[in-house]
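Take a look at the structure set out below.
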Amino acid sequence: SEQRPVIVVPGRMHPRVLARLPDTFEMIRLDEADPALVSPELGAKAVGIATTNRLPADFLAAFQSVEIVANFSVGYDGIAVEAAAERGVVVTNTPDVLNEEVADTAIALLLNSLRRFPAAEAYLRAGHWAQKGPFPLTPLSLRGRSVGIYGLGRIGQAIARRLEGFGLPISYHTRSRRDDVAYTYYPSLKAMAEAVDTLISIVPGSDETRHTLNAEIFQALGSRGVVINVGRGSTLDETALVAALKEGTIAAAGLDVFENEPHVPEDLIALENATLLPHVASASEDTRNAMADLVVDNLKSWFATGKALTPVPETPFERKG
Ligand code: NDP
């Protein structure tokens, strides 16, 4: 009988990927993406890797025959994509299937940051409503705001469509202007921050975006300013944000992503004007199942047809031979 392709799965992985892979592949699990865990035999025979946004270059280097890395995440800032590209290894991600879910979360985080709904619910649950009277009026509201979206890709556009329904003026900053939208374009993030009072970040984590949400940008947003980050934690300078929230440089922030997940700085947790979520933007059962299916279907497609379904732009390869 024919040998089934060997797929290595290091670290945490969605249970649906683990359930589906053995239908088509020989699946080998490792505790983590550590080259010390890769035997010479495994390094020679594995042809694919499925991972959750973690693939250091030294781990990839332990495999001589790997053709494809299927990532369970649309963001691939944790994948050594340059090393993969140099070797002709295709990297796939999970675009589009999570756009609407993540955009919903961005809007929820925005409304919670402005209107303090989590604090209001905690107030009710603590019995304060009956004892002390109504929850305090919120100084912040979505009404009358002007929103700048940092990153207007697949998810950024889904966020913008929702904001159109809220009746707010929308601007965006990306490296290149889009010719398919009517929103106001700013070639500079700083200039956009000066023009709006509400900033939503949904750019990928990269050397270029690292700490671009910083003291200068908070200053530009001003004292009514609100920052929402659903992109990557590395984009935002958390130390500068804590100072800006404490000093009233900006009014509030809502974060789904952090610099050193799952660790969130204590001085951020202590701030009432920070609304904090544990990286749950895509975390519904249906959306995570759709992402899991796309991971498995990319691997199946690669070995059945020689083409991946959703390769990242850096690795536009087809299977050799
Ligand atoms: P896309 O690739 O479709 O969009 C990325 C956007 O960011 C583009 O508009 C791009 O425009 C812009 N961009 C990239 N680099 C820069 C830069 N240096 N300066 C300014 N703009 C930049 O990605 P998606 O919309 O699918 O996803 C975006 C990111 O959201 C993911 O990479 C991931 O990190 C994050 N994410 C977070 C989730 C969560 O759970 N919190 C869930 C899903 C995604 P241009 O190239 O013109 O600059």
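Can you give the angle from 0 to 90° between the axis of helix 285-305 and the longest principal axis of the chain, with both taken from C-alpha atoms, to the nearest 10?
Once rounded, one gets 30 degrees.
For Ser146, which sequence-distant residues (separation of 5 or more, or a different chain) have an amide H within less than 5 Å of its own amide H, given hydrogens modelled in the peptide plane?
Asp197, Thr198
Assuming 0.36 nm per residue, please report the length gained on full extension of the stretch Ala122 to Asp267 beyond their Cα-Cα distance. If you can, show how the numbers build up before the last one.
Numbers: separation 145, 0.36 × 145 = 52.20 nm, distance 2.02 nm.
Contour length minus the Cα-Cα distance gives 50.2 nm.
Before anything else, pin down the relative contact order of region 8-89: Cα pairs under 8 Å, at least 6 apart, normalised by residue count, whole percent. Mind dumping the intermediate values first?
Values: 114 pairs, mean separation 23.9, N = 82.
With pairs under 8 Å counted, the relative contact order is 29 percent.
Rg to Rh for region 215-301: what is it, with Cα atoms only and Rh by Kirkwood? Kindly include the intermediate steps, with their values, before the conclusion.
Numbers: Rg = 16.3 Å, Rh = 14.4 Å.
Rounded to two decimals, Rg over Rh is 1.13.
How large is ³J(HN,Hα), in whole Hz, for each residue of region 237-254 in order, when computed from phi with the Karplus curve 6.51 cos²θ - 1.76 cosθ + 1.60 and θ = phi - 60°, using x for Gly and Pro?
Each residue of region 237-254 in turn: 7, 5, 4, 5, 5, 4, 4, 5, 6, 5, 8, x, 4, 10, 8, 6, 9, x Hz.
Under a plain spin-label model, where a point goes 7 Å from the Cα along Cα-to-Cβ, how far apart in nm are Leu111 and Ala195?
Output for this residue pair reads 2.8 nm.
Build a GNM of the chain with springs between Cα atoms under 10 Å: which of Asp256, Asp77, Asp34 gets the top mean-square fluctuation?
Taking springs between Cα atoms under 10 Å, the residue moving most is Asp34.
Using the Cα atoms of region 151-197, I'd like the radius of gyration and the largest Cα-Cα distance, Dmax, both in angstrom.
Final numbers for Rg and Dmax: 10.3, 26 Å.
Kindly put Arg20, Arg224 in sequence by how many other C-beta atoms sit within 10 Å of each C-beta, fewest to most. Could the numbers behind the result be given before it?
Values: Arg20 19, Arg224 14.
Going from sparsest to densest Cβ surroundings: Arg224, Arg20.
Scale the Cα Rg of the chain by the rule-of-thumb value 2.2 N^0.38 Å and send over the ratio, two decimals.
Working it through for the chain, the quotient is 1.11.
Contour minus end-to-end for Glu100 and Ala57, with contour as 0.36 nm per residue of separation and end-to-end as the Cα-Cα distance? Let's see the in-between values first.
Details: separation 43, 0.36 × 43 = 15.48 nm, distance 3.21 nm.
Extending this stretch completely gives an extra 12.3 nm.
Rank Ser73, Thr209, Tyr150 by how far each Cα sits towards the positive end of the charge dipole of the chain (+1 on Lys, Arg Cβ; -1 on Asp, Glu Cβ) and give me just the farthest.
Tyr150
Apply the Karplus parameterisation 6.51 cos²θ - 1.76 cosθ + 1.60, with θ equal to phi minus 60°, to every residue of region 128-135 and state each ³J(HN,Hα) to the nearest whole Hz, in sequence, with x for glycine and proline.
So the Karplus estimates, Gly and Pro as x, are 5, 4, 5, 7, 10, x, x, 5 Hz.
Within the chain, how many Lys pairs sit with Cα atoms under 22 Å apart, leaving out pairs fewer than 8 places apart on the same chain?
Details: Lys45/Lys300; Lys45/Lys307; Lys45/Lys320; Lys190/Lys246; Lys300/Lys320; Lys307/Lys320.
Number of lysine pairs found: 6.
Please build a GNM for the chain, connecting alpha carbons under 10 Å apart, and tell me which residue among Leu241, Leu142, Leu199 fluctuates the most.
Leu142
Which whole-Hz ³J(HN,Hα) couplings does region 265-277 yield from phi under the Karplus relation 6.51 cos²θ - 1.76 cosθ + 1.60, θ = phi - 60°, glycine and proline marked x?
x, 4, 6, 7, 4, 6, 8, 5, 8, 10, 10, 10, 10
Looking only at Glu67, Glu121, Glu238, which one moves most when the chain is put into a Gaussian network model with springs between Cα atoms under 10 Å?
For the chain, modelled as a Gaussian network with Cα springs under 10 Å, the answer is Glu121.
So if we plug the beta-carbon distance of Ser39 and Glu2 into 1/(1 + (r/R0)^6) with R0 = 22 Å, what FRET efficiency do we get, rounded to 0.05? Spell out each step's value before the answer.
Values: r = 23 Å, r/R0 = 1.05.
So, using R0 = 22 Å, E works out to roughly 0.45.
At R0 = 22 Å, how high is the FRET efficiency between His211 and Tyr185 if r is their beta carbon distance? Nearest 0.05 is fine. All intermediate terms of the calculation are to be shown ahead of the outcome.
Working: r = 23 Å, r/R0 = 1.05.
After rounding, the FRET efficiency stands at 0.45.
Which FRET efficiency value, to the nearest 0.05, do you get for Thr239 and Ile28 by plugging their Cβ-Cβ distance into 1/(1 + (r/R0)^6) with R0 = 35 Å?
Details: r = 41 Å, r/R0 = 1.17.
Calculated value: 0.30.
At 0.36 nm per residue, and after removing the present C-alpha to C-alpha distance, how many nm does the segment from Glu314 to Arg224 gain when stretched out fully? It would help to have the intermediate numbers written out before the result.
Values: separation 90, 0.36 × 90 = 32.40 nm, distance 3.94 nm.
In short, 28.5 nm is gained.
Return the long-range amide H neighbours of Leu55 (sequence gap of 5 or more, or a different chain), with a cut-off of under 5 Å between placed amide H atoms.
Answer set, sorted by chain and number: Ile79, Ala80.
With 10 angstrom as the radius, rank Ser113, Ser301, Ser282, Ser223 by how many other C-beta atoms surround their C-beta, starting from the fewest. Don't jump to the answer; show the numbers that get you there.
Working: Ser113 26, Ser301 17, Ser282 23, Ser223 12.
Ranked by crowding around the Cβ, least crowded first: Ser223, Ser301, Ser282, Ser113.
Excluding Leu114 itself, what net charge comes from residues whose Cβ is under 10 Å from its Cβ, given Lys and Arg +1 and Asp and Glu -1? Don't skip to the answer; put the middle values down first.
Values: positive: Arg115, Arg116, Arg143, Arg145; negative: none.
Net of charged neighbours comes to +4.
Pairs of alpha-carbon atoms within less than 8 angstrom and 6+ residues apart define the contacts here; what relative contact order does region 92-169 have, in percent?
It comes to 44 percent, rounded to a whole number.
Hey, what did the chain get for relative contact order, percent, Cα under 8 Å, at least 6 apart? Walk me through the numbers on the way to the answer.
Numbers: 594 pairs, mean separation 57.2, N = 321.
Here the relative contact order equals 18 percent.
Sorted from fewest to most neighbouring beta carbons within 10 Å, what does the list Lys320, Lys300 look like?
Final ranking by Cβ density, sparse to dense: Lys320, Lys300.
Would you grab the residues whose amide H sits under 5 Å from the one on Val91? Only those 5+ places off in sequence or on another chain, please, with H modelled 1.01 Å from N.
Amide H neighbours of Val91: Val69, Val312, Thr315.
For the chain, what does -39500 (n - 2.57) per DSSP helix run (n ≥ 4), summed and divided by total residues, give at 222 nm, in deg cm²/dmol to the nearest 500? Kindly include the intermediate steps, with their values, before the conclusion.
Values: 13 runs with 119 residues, N = 321.
Calculated at 222 nm, the ellipticity per residue is -10500 deg cm²/dmol.
Bear in mind these aren't lab numbers, they're just calculated from the coordinates by the rules spelled out. Worth saying up front: this structure is predicted, and the values here are computed from it rather than measured. As a convention, Cβ positions derive from the backbone with ideal geometry for all residues, glycine included, and neighbour counts pool all protein chains shown.
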